[in-house]
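Data first, discussion second: the structure below is written as structure tokens.
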Amino acid sequence: MSTDPVPATTPGGAPPPLVLRGVRKRYGSTTALDDVGLHIAEGEIVGLLGHNGAGKTTLMSLVAGLLRPDAGEIEVLGVSTAREPRRARLRLGLAPQELGVYPPLTVRQNLRFFAELAGLRRREADRRIEEAAEPLGLADLLERRVGRLSGGEQRRVHTAMALLHRPKLLLLDEPTAGVDVETRARLIAHVRDLAAAGTAVCYSTHYLGEVEDLDANVAVLDHGRLVARGTVTDLVRDHGDGAVELTFSGTPPSLRVPWPVTRVGEMLRVHAREPHLVAPEVLAALGDSLPRLVNLRVLRPSLETVFLALTGRRPESAGDPGAPGAATAAAPPGSATGEENGGSGGGPKPPAGRTVEAGRHG
């Protein structure tokens, strides 16, 4: 799948906030985007997922007019980014990955500068600054120099800059990368409020839990192609088979079980719709290889298993214990997949000190 069917207009008769048709972009011999078609409706949040290098930042840069596509069309609220780039840019807000703040200036001075770039006069600019600052927890920081703020506070300033002109389309490229829990919660809540008020949001992230917290729909990019588009429920139904992942010290053994098995380096992945039920039989099949088992991970059908099925790899955040929704549970010595990890409690036990994990994005 490389295209997303695009309606000609929204139910109210207006063009969709974002439409991409057959978009291609190359950097030398590297194809960043390949025949991508995508649309985002009014009030819709789309979680843009993909590994590093999948094309997420390139897509946002093309929409924002920072890059030109080699082929295809991009429209923002019916305005072509190629034919009318300035008019299209004024209709969207972009908060890229890299912070775009001026450390010597105060928060207010940073926001006023970007408000004026958006064409807002002083009185209106001041009103919009207060409007953007309040929900992001910046109201008490307006007179402080940005260089003296924490990383999370600077990220909130960076996001507020994209909101000052009340864009109908908001592009957020990994807005919570490296931020604290408070900043993450504020950003997630504010994005949901913006969408409820009609703003279309394209939200790039490695944290699958954020997609669920946002109640977002999903678009998955892999090697520059759009490989899936839909609701979390639909994608889990269509692609979300579960698995038992077994990691060994050294070369994995041959495993004879009645379910498909794939090998990735030192890991075996046993594919099953109800992996928590088959885990005991999988452990029993290890036989003399059981002492070499160093990790067992149960992945129920979920957004993570969808991502795994579509891209062949887990998301970058999956092994990060600080990531939202990260699923890592150390098993008590001698225990198997206990009830909290979805196991049946029976069957052979993994060696003491091994780790048992269960996916929690279901």
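The values are calculated or read from the model by the stated rules, or taken from the named source; none is laboratory data. It should be emphasised that the depicted structure is a prediction, and the values quoted were computed from it without experimental measurement. Ideal geometry is used to build each Cβ from the backbone, glycine not excepted, and the neighbour counts take in all protein chains shown.
Comparison of ARG108, ARG24, ARG86 shows that the only residue that is basic (Lys, Arg) and either part of a loop (DSSP other than H, G, I, E, B) or more than 30 Å from ARG122 (Cβ to Cβ) (or both) is ARG24. For GLY119, the conditions (1) surrounded by 19 or more Cβ atoms within 10 Å (Cβ to Cβ); (2) assigned to a loop (DSSP other than H, G, I, E, B) are fulfilled apart from (1). Would it be correct to say that VAL306 is under 17 Å from VAL211 (Cα atoms), part of a helix (DSSP H, G or I) and at pLDDT 90 or above? Here the answer is yes, as VAL306 does meet what is asked. Note on the range 150-269: enclosed strands (runs of 3 or more DSSP E) holding 1 or more residues that are at pLDDT 95 or above and crowded, with 21+ Cβ neighbours inside 10 Å are 169-173, 200-204, 217-222, 225-230, 242-248.
For the range 189-209, the count of residues that are among the charged types (D, E, K, R) and in the same structural domain as THR31 (by TED's automatic domain parsing) is at least one.
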